[in-house]
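Colleague: Encoded as C-alpha cells, here's the structure I'll be asking about.
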Amino acid sequence: MLDFADFFAATPELEPWHDALRRALDERYREVRHGDEPRWSAAIDALPATVGPMTLDAPTVATGPCDAGVEALMQLFAELKPWRKGPFRFGPLTIDSEWRSDRKWARLTPHLTALAGRRVIDIGCGNGYYLLRCLGAGGRLAIGVDPTRLFLWQFEAFRRQLRDTRAHVLPLTGEDMPPTGCFDTAFTMGVIYHRREPVQHLREVAAQLRSGGELVVESLVIDQPGDTALVPEERYARMRNVWEVPTPSRLARQVEAAGLTDARVVDVTPTTVEEQRATPFMTFESLRECLDPGDPSLTIEGHPAPLRAIVIAQKP
C-alpha cells in the first residue's frame, strides 16, 4: 500500500482540494485492496539503487547505472507486466513496452506550447511515461490520474529514482478529480472514445485548466469528411468499450462544444504494427492480432484500421 504524502507536500497550489482528494483516495485506493499489490511492492522493494540522475528528455526514460544484471532485473520487472507505455530503461535493462509512446510524443511536441515551467495534468496517464517526458521538457509539476493499480506501481518503480517530487500518479478516475482550474496543460490521450459522453469528458478535463491553458486530446478517428462517427455495435479492434470513433473534424467540434476555443487538428497518423506490438514485456494480443489478416486496412471486425488524431485547443 502506497501513501501519497509526497504528493500533498509537493502541491500547495492544490491545497483547497486536498481534503476532497484524500477522501477520493480513501474510497478508491485505501479501502479497496488489490491482491497483487504485495507482489508488486516486493518487486519494487527488491530493485537495486541506481547511480546518477534519470534521463527524461530522450525517447527512452532511463535511470542511471546499477549493480544488478539484466537477468535479475528482468525477473523483477516481469512481476509488473504488462508494460503498455514506454520505453523505459532501468540500469542495463530496456523495458520494451507495447506502445512506442516516444513516437506519439515526437508527433505531439512540435505543436505544444513549451512545457518549461508549466503545471501539467494527464487524465488516463497509464504508467506515467508522458509525465516523465513533461519533466524532461522542463515542466514544473506533472500529475497523472489513472485508476489501474498496476500502472501506479510501474510508475512507482521509476518515481523512486527521481531526485525531486515533481511527478505523481493518483489511482483515481478523471471524474474523481475536483475542478481545480490551476493547470497550464491538460492531456487526455487514448481515453475519449472509451467515454459514453465525450463532450462531458472534455468538460471535466478542461475544468483542470486555468484560463488560457492548453488542452491536448488524442483519439482514434476515422478518415471521412464531416461531422460523423463510427459507432461499433460490439467491438472495435477487439476492444469492447469503444463508444464512438469520430472524424477529426467532429473531434475538434466536440472540443469546442466543451467550451474550448481554437481547436485545431495538428496530426493524423495511422497506427502501425511497429508502433503497437507484443513484446517480452507485453505478451498478450496487440495490434497485429486485431487486424484482418487478409486486409490490414481493416480491423478483425471489418472496421477501418486504427487511425489516431491529436487536437489542441485553449481554455478561454
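Colleague: Can you give the FRET efficiency to the nearest 0.05 for L307 and E233, using r as the Cβ-Cβ distance and R₀ = 22 Å?
Modeller: Step by step, r from the Cβ atoms, then E = 0.65.
Colleague: Taking the Cβ of C134 as the centre, find all other residues whose Cβ is under 14 Å away and add up their charges (Lys, Arg: +1; Asp, Glu: -1).
Modeller: +2
Colleague: Now, a different point. Return the FRET efficiency for the residue pair R23, D57: r is the Cβ-Cβ distance, R0 is 41 Å, and the value is rounded to the nearest 0.05.
Modeller: 0.70
Colleague: Follow-up. Students often get this wrong, so try it: which of (i) 30, 25, 18; (ii) 32, 25, 17; (iii) 46, 20, 18 is semi-axes √(5λ) of the Cα gyration tensor in Å as calculated from the structure shown?
Modeller: Entry (i).
Colleague: May I pose another question? What 222 nm value per residue comes from the helices of the chain, counting each DSSP H run with n ≥ 4 as -39,500 (n - 2.57) and dividing by all residues, nearest 500 deg cm²/dmol? The partial results should precede the final answer.
Modeller: On the way: 10 runs with 82 residues, N = 316.
Calculated at 222 nm, the ellipticity per residue is -7000 deg cm²/dmol.
Colleague: How long is the gain from A72 to T261 if the chain were fully straight, where each residue apart is worth 0.36 nm and the alpha carbon distance is subtracted?
Modeller: Working: separation 189, 0.36 × 189 = 68.04 nm, distance 5.07 nm.
The span from A72 to T261 would gain 63.0 nm if fully extended.
Colleague: Then there is this: Taking the solvent-accessible surface of protein heavy atoms with a 1.4 Å probe, what is the per residue accessible area of the chain in Å²?
Modeller: Working: 13290 Å² over 316 residues.
Per residue, the chain has an accessible area of 42 Å².
Colleague: To continue, here is another question. With labels modelled as points extended 7 Å from the Cα through the Cβ direction, what inter-label distance (nm, one decimal) is found for F8 paired with A106?
Modeller: The modelled label-to-label distance comes out at 4.3 nm.
Colleague: Then there is this: What number, in percent, do you get for the relative contact order of the chain if the mean sequence gap of Cα pairs under 8 Å and at least 6 apart is divided by its residue count?
Modeller: Normalised by residue count, the contact order of the chain is 16 percent.
Colleague: Can you divide the C-alpha Rg of segment 90-236 by 2.2 N^0.38 Å and report the result to two decimal places?
Modeller: 1.08
Colleague: Then there is this: Could you tell me the calculated FRET efficiency between V273 and T94, based on Cβ-Cβ distance and R0 = 30 angstrom, to the nearest 0.05?
Modeller: So, using R0 = 30 Å, E works out to roughly 0.95.
Colleague: Between rounded, prolate and oblate, where does segment 26-184 land on the alpha carbon gyration tensor, with a ≥ b ≥ c its root eigenvalues, rounded for a/c under 1.5, else prolate if a/b exceeds b/c?
Modeller: Working: a/c = 1.80, a/b = 1.15, b/c = 1.56.
Oblate, because a/c is 1.5 or more while a/b does not exceed b/c.
Colleague: Give me Rg over Rh for segment 190-269, both radii from the alpha carbons and Rh done the Kirkwood way, two decimal places.
Modeller: Rounded to two decimals, Rg over Rh is 0.96.
Colleague: Next question, about the same structure. Using 0.36 nm per residue of separation minus the Cα-Cα distance, give me the extension gain between M1 and D295 in nm, one decimal.
Modeller: Numbers: separation 294, 0.36 × 294 = 105.84 nm, distance 4.63 nm.
Between M1 and D295, full extension yields an extra 101.2 nm.
Colleague: Can you send over the solvent-accessible area of D19, 1.4 Å probe, protein chains only, in Å² to the nearest 10?
Modeller: Around 100 Å² of this residue is reachable by solvent.
Colleague: How are the Cα pair distances of segment 216-316 distributed, in percent, across 5 Å bins from 0?
Modeller: Here the calculated profile for segment 216-316 is 2, 13, 20, 21, 18, 12, 8, 4, 1, 0.
Colleague: Okay, next question. Around G174, with a cut-off of 14 angstrom between Cβ atoms, what is the net charge of the other residues, counting Lys and Arg +1 and Asp and Glu -1?
Modeller: -2
Colleague: Follow-up. For R33 and R240, compute 0.36 nm times the residue count separating them, minus their Cα-Cα distance, and round to one decimal in nm.
Modeller: That works out to 72.0 nm of additional length.
Colleague: When the dipole is taken about the Cα centre of the chain, and only Lys, Arg (+1) and Asp, Glu (-1) are charged at their Cβ, what size is it in debye, to the nearest 20?
Modeller: 460
The values are calculated or read from the model by the stated rules, or taken from the named source; none is laboratory data. What you are looking at is a predicted structure, and each value in this text was computed from that prediction instead of being measured. Cβ coordinates were reconstructed from backbone atoms using ideal geometry, including for glycine residues, and neighbour counts include every protein chain displayed. Each accessible area value is taken on the protein alone, full model and side chains, heavy atoms only, with ligands, DNA and RNA left out. Shrake-Rupley method; radii C 1.70, N 1.55, O 1.52, S 1.80 Å.
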